[in-house]
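I have placed the structure first, in the form of C-alpha cells, so that the comments after it can refer back to it.
The values are calculated or read from the model by the stated rules, or taken from the named source; none is laboratory data. Keep in mind that what you see is a predicted model, and the values were worked out from it rather than measured. Please note: Cβ atoms are built from the backbone with ideal geometry, for glycine as well, and neighbour counts cover all protein chains shown.
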Amino acid sequence: MLEILTASFVVMLASLSGKLIAWRQAGPLIERNLHFLVSFAAGVLLVTTYSLSQEIIEHAGSLMAGLPWVAAGVVLVLVGFRFIPHFHHHHDVQTEDHTHSRIDAGRILFSDGIHNIGDGVVIVAAFAVSPLLGIVSTISILVHEVLQETSQFFVLRQAGLSARTALTYNLIVSSTILIGSIGGYFLLEQFEALEVPLLGLAAGAYLIVVFHDLIPHSIGSVRERGHYGKHALFFLIGLVLMSLFRALLPHQ
C-alpha cells in the first residue's frame with residue numbers, strides 16, 4: 001500500500017508543473033502569449049483524447065463497446081455544465097482591452113478528475129503485477145501528466161483564474177487519483193470494471209473541452225488578432241510533443 005500511495009502522491013506533484021512557468025522571470029512572457037498556449041494545449045489534449053480511445057479498445061475489446069460512455073461524457077459536460085455557474089474570474093493583471101474567455105474552467109477540471117481516477121486504478125493494477133511494472137507505469141503516467149497539467153494551467157489562466165487559483169484547483173483535482181488508487185487497492189476487481197466507463201467519460205469530456213472550448217477559442221483569437229501561422233505552429237508542437245511521449249512511454 002505504501003508504494004501505491006507514494007506513486008500516487010508523486011503523480012499528484014505534476015499538478016504543480018504550472019509553477020515552473022509561473023516564475024516571475026517567465027510570467028509576463030507567458031501572460032502575453034496565453035492565446036497561443038491555448039492552441040498548444042489543444043494539441044496536447046487532442047492526443048490525450050486519442051490515447052484514451054485506444055485504451056478503451058484495449059480494455060473493452062472494441063471502441064464501440066466504449067462509445068456509450070464517450071457519449072455520456074459528452075452529454076454530461078455539454079448539457080450538465082449549462083446548469084453549473086462558471087468559475088469566478090479573478091485576474092492577476094487587469095487591462096483595458098481584457099475580455100472574458102469563453103473557456104469553462106470547470107469542464108477541463110472535471111475531465112482531468114475522471115482521468116486521474118483511472119490513473120490511480122492503473123497504478124494499483126501495475127503494482128499488483130510487479131513492483132518494477134508499478135514503477136515504470138508511474139514514471140510513464142508522471143511524464144504524461146507533467147505536459148498535460150502544464151497545458152491545463154495555460155487553459156485555466158486563459159479561462160480567467162489567477163495563477164495561484166489555477167495551481168490550487170489543479171492540485172485538488174489531481175488528488176482524485178487517490179480515489180482510484182485507494183479504492184483499487186481494496187477493491188481492484190470492482191474498480192477495474194470501472195475502467196471502460198471512466199475512460200469513456202474522460203474521453204467524451206475532453207472532446208468537448210478541445211472542440212467546444214479550446215479550438216473555437218483559438219479560431220476566435222485568430223480572427224481578432226491574426227497570427228494564424230503561430231496558432232497552427234503551437235497546436236502542432238503540442239500535438240507532436242504529446243505524441244512522442246505516448247510513443248516512447250505508452251500510458252498503459
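Would you confirm, using the coordinates I've provided, whether Ala232 is over 23 Å from Leu109 (Cβ atoms) and part of a helix (DSSP H, G or I)? Yes; evaluated as a whole, the condition is true for this residue.
To keep it simple, each residue is scored yes or no on (1) surrounded by fewer than 22 Cβ atoms within 10 Å (Cβ to Cβ); (2) modelled with pLDDT of 85 or more; (3) touching a Cys at 6+ places or on another chain (Cβ under 7 Å); (4) under 22 Å from Val222 (Cα atoms).
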| site | (1), (2), (3), (4) |
| --- | --- |
| Leu2 | yes, no, no, no |
| Ala26 | yes, no, no, no |
| Leu29 | yes, no, no, yes |
| His35 | yes, no, no, yes |
| Ala42 | no, yes, no, yes |
| Thr48 | no, yes, no, no |
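Taken residue by residue, region 99-107 has at least one member that is modelled with pLDDT of 80 or more, crowded, with 18+ Cβ neighbours inside 10 Å and under 21 Å from Ser218 (Cα atoms). Can you tell me which residue is surrounded by the fewest Cβ atoms within 10 Å (Cβ to Cβ) among those in region 116-174 that are outside any helix (DSSP H, G or I) and in contact (Cβ under 8 Å) with a residue 60 or more places away in the chain? Here the residue is Ser162.
A quick yes/no check of all residues on (1) over 20 Å from Glu145 (Cβ atoms); (2) assigned to a helix (DSSP H, G or I); (3) in contact (Cβ under 8 Å) with a residue 60 or more places away in the chain; (4) of a type in the set (A, V, I, L, M, F, W, C):
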residue	(1), (2), (3), (4)
Leu178	no, yes, yes, yes
Gly184	no, yes, yes, no
Glu192	yes, yes, yes, no
Val196	yes, yes, yes, yes
Ala203	no, yes, yes, yes
Tyr206	no, yes, yes, no
Phe211	yes, yes, no, yes
Leu214	no, yes, yes, yes
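The set of residues in region 234-251 that are modelled with pLDDT under 90 and surrounded by fewer than 15 Cβ atoms within 10 Å (Cβ to Cβ) comprises Leu244, Ala247, Leu248, Pro250.
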